[in-house]
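Before any comments, here is the structure.
The values are calculated or read from the model by the stated rules, or taken from the named source; none is laboratory data. It should be emphasised that the depicted structure is a prediction, and the values quoted were computed from it without experimental measurement. With ideal geometry, Cβ positions are generated from the backbone for all residues, glycine too; neighbour counts draw on all protein chains shown. All accessible areas refer to the heavy atoms of the entire protein, side chains included, with ligands and DNA or RNA removed. Shrake-Rupley method; radii C 1.70, N 1.55, O 1.52, S 1.80 Å.
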Amino acid sequence: MASVISSGDYQVFGVIEDISRHGAKLVTEYPERLGRRVAIRGVALDVAGTIMWRSGDRCGIRFDAPIDPVEVARRNALLQSEPHAMPRAL
């Protein structure tokens, strides 16, 4: 799932490789530093969290509050079929 990861002036596109109630694994060209607070926005996702680990071009983010990953996947599939569906930059 395509997404925008942002923190202050920092903003980069990424792909959510795995998502759960409490966090996500993202692939991005420029992963942020550990402990950094970030916002993740996608077609069907808008959540805040903290970077807990990073390895190469991947990082793990713990969400501030639990989400329903099944609902996010369902909404993402529906919205991806719309021609204008792209993650919105801040």
- line: Mean accessible area per residue over the chain (1.4 angstrom probe, all protein chains present, square angstrom) is 58 Å²
- request: Compute the length gained on full extension between residue 20 and residue 34: take 0.36 nm times their separation in residues and subtract their Cα-Cα distance, giving the result in nm to one decimal.
  value: 3.1 nm
- prompt: Tell me, what is the 1.4 Å probe accessible area of residue 61, in Å² to the nearest 10?
  reply: 10 Å²
- request: Count the net charge of all other residues whose Cβ sits under 15 Å from the Cβ of residue 10, scoring Lys and Arg as +1 and Asp and Glu as -1.
  value: +2
statement: Of all C-alpha pairs within region 1-76, those more than 16 angstrom apart amount in percent to 39 percent
- line: Place a point 7 Å from the Cα of residue 74 in the direction of its beta carbon; the residues of region 9-41 whose amide N falls under 17 Å from it are 20-21
- prompt: Rounded to a whole number, what % of the accessible area of the chain do carbon and sulfur atoms account for, probe 1.4 Å?
  reply: 55 percent
message: Run the helix sum for the chain: -39,500 (n - 2.57) per DSSP H stretch of 4+ residues, divided by residue count, reported at 222 nm to the nearest 500 deg cm²/dmol.
response: -4000 deg cm²/dmol
statement: If one compares the long axis through the Cα atoms of helix 69-80 with the longest principal axis of the Cα atoms of the chain, the angle in degrees, nearest 10, works out at 60 degrees
- line: Expected unfolding gain across residue 52-residue 9 under the 0.36 nm per residue rule, minus the alpha-carbon gap, is 13.5 nm
